[in-house]
1. Please count how many residues of region 208-233 are touching a residue at least 24 places away in the same chain (Cβ under 8 Å) and open to solvent by 10 Å² or more (accessible area, probe 1.4 Å).
2. Mind checking which residues of region 260-282 are touching a residue at least 40 places away in the same chain (Cβ under 8 Å) and more than 14 Å from the chain's Cα centre (by Cα)?
3. Can you say whether Tyr138 is surrounded by fewer than 16 Cβ atoms within 10 Å (Cβ to Cβ) and aromatic (Phe, Trp, Tyr), as far as the supplied structure shows?
4. Which one is nearest to the ligand (Cβ to nearest atom) among residues in region 87-126 that are hydroxyl-bearing (Ser, Thr, Tyr) and crowded, with 21+ Cβ neighbours inside 10 Å?
5. Being among the hydrophobic types (A, V, I, L, M, F, W, C) and away from the ligand (no atom under 16 Å from the Cβ) is the filter here; which residues of region 155-170 pass it?
6. Can you tell me how many residues in region 171-188 are of a type in the set (S, T, N, Q), under 16 Å from Asn11 (Cα atoms) and within 14 Å of the ligand (Cβ to nearest atom)?
7. Could you list, in sequence order, the residues of region 171-191 that are surrounded by 14 or more Cβ atoms within 10 Å (Cβ to Cβ) and polar (S, T, N, Q)?
8. Can you find a residue that is of a type outside the set (Phe, Trp, Tyr) and under 21 Å from the mean Cα position of the chain (by Cα) anywhere in region 174-182?
Amino acid sequence: MKIQVPATSANLGPGFDSCGIALAKYLVIEVIKPQDKWEIVHHLGPEIPSDESNLLIQTALSIAPYLVPHKLKMISDIPLTRGLGSSSSVIIAGIELANRLANLNLSEEEKLNIATKIEGHPDNVAPAIYGDFVVACYDEQKEQVLSVKHYFPECDIIAYIPESELATKQSRSVLPETFSFKNAVKASAISNVMIGAIINGNLDLAGELMGRDLFHEHYREKLVPHLSTIRQICLEENAYGCFLSGAGPTVLVLTPQENSSRIMTHLQSMDTNAQVELLSIDREGVQVY
Ligand code: HSE
């Protein structure tokens, strides 16, 4: 059995903690055989545990503590701590692992409720489960997620992935504790129109509103100085827009296809150590083969 989970990009600017898209970069878990102890074979570096303490197994055991240990293989092309949902992909794979090995028959809603409880917000885990574009909110009292999946319009998606990592905790630490009523109304109105524009297939308007976020990007700019340079490139090269991917430091640019190669050349010249990749939307979410 193989479990495949897509990378994700959360927020899309003003859709802070609630909007996300799934991207065609993947974590793949291969279940090899049952054995005495959990073992994960991977090439992701010494800081990623190969035993039961790995987030994958911890997630699976939190759902089905009686699971028989297995030897697993983990392959991922989702870069770690870059704002592309690598930890969410592991959580979703862990839920799916428990679901299959213990025959739990979990619905997508149940998987999303469990994943959001672990992750804290649904913006990465929801598109990792459903694929495409998902808007979601979490009711902490009912421990229930309400979500809507919709088709994200076709466009080129360019990821600027800096070499340096940025932990979500650090990136959230620069956000304000409180936000005035007036600003909250303004910020969510921008987000609402952006979502409407995506649903209408109007990427010109959606892209413009992605750049008008009031919830988080402004506060995070000091941690991601490349964001303002990329905004400028987007204006000059007629991209639809750009936004910080999740908590950063990756920035995603949305553009009509004909402008892609010029934008990629600009981005690559900003820092030759950064990865500049052309991505597409994953439409299906988690898959089991
Ligand atoms: N919405 C989250 C944030 C995504 O921006 O902090 C990262 O988990």
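1. 13
2. Ser260, Ile263, Met264, Leu267, Met270, Asp271, Asn273, Ala274, Gln275, Val276, Glu277, Leu278
3. In short, no.
4. Applying the filter and picking the extreme gives Ser88.
5. Listed by number, the residues that qualify are Cys155, Ile157, Ile158.
6. 1
7. Result: Ser171, Ser188, Ser191.
8. Checked against the condition, which is being of a type outside the set (Phe, Trp, Tyr) and under 21 Å from the mean Cα position of the chain (by Cα), region 174-182 yields at least one hit.
The values are calculated or read from the model by the stated rules, or taken from the named source; none is laboratory data. Since the structure is predicted, the reported quantities are computational estimates derived from the model, not experimental observations. Positions of Cβ are generated from backbone atoms using ideal geometry, with glycine treated the same way; all protein chains shown enter the neighbour counts. The protein model used for the area step is the full one, side chains on, heavy atoms only, and it has no ligands, DNA or RNA in it. Shrake-Rupley method; radii C 1.70, N 1.55, O 1.52, S 1.80 Å.
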